[in-house]
Amino acid sequence: MRYEELTIEGRNSVMEAFRSGKTIDKLFVLDGCHDGPVQSITREARKHDTIITYVPKERLDQMSSTGKHQGVIAYAAAYEYAEVEDILKAAEEKGEPPFLFLLDGIEDPHNLGAIIRTANLAGAHGVIIPKRRAVGLTATVAKTSAGALNYTPVAKVTNLAATMEDLKKKGLWFVCADMGGESMYRLNLTGPIGLVIGNEGEGVGKLVRETCDMVASIPMKGDIDSLNASVAAGVLAYEIVRQRLNAAGR
């Protein structure tokens, strides 16, 4: 499988990428460079809600593979993002209650790829990630997902908590993974559900946690105190799968 190149370098190439409708996750611009062409590019980036970071020349030189960045480097998504509505429609078409993964600030592309793979295997209808302070659909994510990105839609939203409130109005409820929660075996995890997994170090953010209906913990008997984010996602997802199968009498 071929993965689209992630890095776009040079003023014309970056501008063309924006104009062609390509999803640009991040734009890196030479600090202090405000000439006409660069201003046109940053204006385009703001229009598309792309994260802009101003960096010194040394940083751009390190990131550049061509040596011809002309003061701008863009990171494009390796895959196109879906809309949240597309994910709900996929559930509807299958005649199943929606099952979504919501990831609050996953920064490691290997973790994101592994979680998308788990989401696919667990029968989830899609994954929702935030625009900021999180990794996007990079080539590493695509490779780690082992092809799951071809089948499992990923939506990117500005505000995860606000998206959850919207989805609650459509009948979904949310469970997040946290050490201080109720044992997942004691919770009813059937019906239209969103599984919320937090950042690798800090877990689920305060606002997102408060928006959740339940907090689930994974019983642990070992000597270390936490699971990797993608492993935790897998364990909880399969408890949801088990309960859904039982509810359906299968």
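Points to keep in mind about this one:
- Under 24 Å of direct C-alpha separation, and excluding same-chain neighbours fewer than eight residues apart, K169 reaches these lysines: K89, K94, K131, K156, K206.
- Cα Rg over Rh - the range 93-147, Kirkwood: 0.99
- Normalised by 2.2 N^0.38 Å, with N the number of residues, the alpha-carbon radius of gyration of the range 1-116 equals 1.28.
- Counting only protein heavy atoms and a 1.4 Å probe, the range 85-237 has 46 square angstrom of accessible area per residue.
- Whole-number percent relative contact order across the range 1-102, with pairs defined as alpha carbons under 8 Å at least 6 apart: 39 percent
- From the alpha carbon centroid of the range 52-126 to that of the range 135-199 is 13 Å.
- Applying 0.36 nm per residue to the separation of E80 and E210 and subtracting their alpha-carbon distance, the gain on full extension is 43.8 nm.
- By the rule of a C-alpha distance below 19 Å, with chain neighbours fewer than 8 residues away ignored, the lysines paired with K57 are K26, K68.
- A Förster radius of 35 Å, combined with the Cβ-Cβ distance separating D35 from V231, puts the computed FRET efficiency at roughly 0.15.
- Tilt relative to the chain, helix 160-169 - C-alpha long axis, 0 to 90 degrees, to 10: 50 degrees
- Within the chain, antiparallel bridges make up roughly 25 percent of the DSSP beta bridges whose residues both belong there.
- Think of the chain as a dipole: +1 on every Lys or Arg Cβ, -1 on every Asp or Glu Cβ, centred on the Cα centre; then among C33, A161, W173, W173 lies furthest on the positive end.
- Taking 7 Å steps out from each Cα toward its Cβ at I51 and M220 produces label points 2.6 nm apart.
- For the range 104-250, the relative contact order works out to 27 percent when only alpha carbon pairs closer than 8 Å and six or more residues apart are counted.
- Largest-first principal axis extents of the Cα set of the chain (Å): 62, 44, 35
- Viscosity 1.567 mPa s, temperature 4 °C, Stokes-Einstein D of the range 136-237 from Kirkwood C-alpha radius, µm²/s: 86 µm²/s
- The range 53-203 - charge dipole about Cα centre, Lys and Arg +1 at Cβ, Asp and Glu -1, debye rounded to 20: 260 debye
- For K170, a cut-off of 18 angstrom between C-alpha atoms picks up these aspartates and glutamates, skipping any fewer than 8 places away in its own chain: E83, E85, D86, E92, E93, E96, D213.
- Residues whose amide H falls under 5 Å from that of Y54, counting only those 5 or more places apart or on a different chain, are V29, with hydrogens built in the peptide plane.
- Applying the Karplus relation 6.51 cos²θ - 1.76 cosθ + 1.60 with θ = phi - 60° to the range 97-111 yields 3J(HN,Hα) values of x, x, 9, 10, 9, 10, 10, 8, x, 5, 9, 8, x, 5, 5 Hz, where x marks Gly and Pro.
The values are calculated or read from the model by the stated rules, or taken from the named source; none is laboratory data. Quantities reported herein were computed from a predicted structural model and do not represent experimental measurements. In this analysis, Cβ positions are derived from the backbone assuming ideal geometry, glycine residues included, and neighbour counts consider all displayed protein chains. Keep in mind that these areas ignore ligands, DNA and RNA; they rest on the heavy atoms of the full protein, side chains included. Shrake-Rupley method; radii C 1.70, N 1.55, O 1.52, S 1.80 Å.
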